[in-house]
1. Which of the peptides 203-216, 99-112, 293-306, 331-344 is most tightly packed, and how do the rest follow, going by the mean number of other Cβ atoms within 10 Å of each residue?
2. Would you calculate the separation in nanometres between label points at Lys289 and Arg336, each defined as 7 Å from the Cα along the Cα-to-beta-carbon direction?
3. Could you tell me whether segment 134-228 comes out rounded, prolate or oblate from its Cα gyration tensor? Rule is a ≥ b ≥ c as square roots of the eigenvalues, rounded for a/c under 1.5, then prolate if a/b exceeds b/c, otherwise oblate.
4. Given +1 on the Cβ of Lys and Arg, -1 on the Cβ of Asp and Glu, and no further charges, what dipole in debye does segment 110-172 carry about its Cα centre, rounded to the nearest 20?
5. To make sure I understand the rule: partners must be lysines, Cα under 26 Å from the Cα of Lys256, and not fewer than 8 residues away in the same chain. Which ones qualify?
6. Just how large is the dipole of segment 53-165 about the Cα centre, in debye to the nearest 20, putting +1 at every Lys and Arg Cβ and -1 at every Asp and Glu Cβ?
7. By a straight-distance test (C-alpha under 17 Å), which aspartates and glutamates pair with Lys147 as possible cross-link partners, with residues fewer than eight away in the same chain excluded?
8. Spin-label point model (7 Å from Cα, Cβ direction): what's the Arg278 to Asp327 distance in nm?
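Each reported figure results from applying straightforward, stated rules to the coordinates on display, with no laboratory input. Note that the structure is predicted; figures quoted are calculated from it, not measured. A quick note on method: Cβ atoms are made from the backbone with ideal geometry, for glycine too, and the neighbour counts reach across all protein chains shown.
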Amino acid sequence: MIRHPSLPPHRRARPSAIDPAAPATPVPAWLRRTVAGAQPPAGQALGPHALGRHGVDDVAVTAGAAIFALDAVVRRQERWAGAWRQRLALAAAAVTAKQAGRVEDESALRDAVLLTRPGDDVGPAGRLLLAWRRLATRSTEDLLTEKNLAAVLEEFDHAPDDEVVSDRVEDLRQLRAGAGTVGMLTGAFIAAERHGFGRALGAWLADALLAQRLGWAHAVPLLGAEVALAMTPGRPRRVATVIAATGVETEAEHAKGLLAAQARAALRAVDLFVELERRADRLLGVAPKLRAKAADAVVDKLLSDDAIVASEKIAGMSDRGLRRLFDRLVELGAVRELSGRPTFRIYGL
């Protein structure tokens, strides 16, 4: 057990220059009002009724402003951005599981992955979380390769052959190269439903395509947590047909609903970013007080992941030492115990 005499600059706590009550990236009041006005009534799917008489262009401006605010926080590349994306992935997985008729909530999904021994099957619900974690952790450039897409389809409980995967990659290549942003997002859902893969995969693909178009290093899970998307069921059509038909009224309503969902998801992600920034600042503020030899590694792990178990294997840290460190961090208000259990505890920002 040693005391660190001095931390290198990148390890030092970052002084907070923001008002604790104000967002790190201000969101205009008009934008929050507009996005709130597009919220569908409880228990109803999002559709034209939630968007009034606004045209696609009006809703696109709102969505564009929300994505601009999100882009600003993504490009800050904070040390704790990994934990932020992982927390969004967990929310998306919980909604996906519910839509699939499963009963697992966020806590159960977290348990399925973190409490399963390495190499063991995490189960259908756990695989849903792995799919969304894949989106949040893999390099954006690797997300839509044939190898990665095949793995994602398996995690979503599909088993396509190589030809189907190859066709999907070609569909996505066409969307990325030839469609505008609206056509790209709607086309991602159509491409998923074309082979019966459902809207959850459509949301995954849309998030990946958006990240690639904006040049983000990692995708941000957004649409998976939207329980109401304006893609009404119908006969699947080829992507090229959908792109050509975006001027048709039905396709315009679909686009409006999807853009409204995109705006809500972006603001929700920004709000979570602000919340986790405060928690991360607290953790970084107490980091110099930690005496444990491997404390820096634990802090880095907490900043890069949604949560870690008390039995996590950390080089240079015994199980007992890790439990004592977590007790100390909870006492200092730097982390939270997330499971509520006396055993098999899980900790995170």
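1. 203-216, 293-306, 99-112, 331-344
2. Taking the two extended label points, one gets 2.0 nm.
3. rounded
4. Value, rounded to 20: 540 debye.
5. Reachable lysines: Lys98.
6. With only Lys, Arg, Asp and Glu charged at Cβ, the dipole is about 640 debye.
7. Once the sequence-local aspartates and glutamates are set aside, what remains near Lys147 is Glu155, Asp157, Asp161, Asp162, Glu163, Asp167, Glu170, Asp171.
8. Label-label distance for Arg278 and Asp327, simple model: 2.9 nm.
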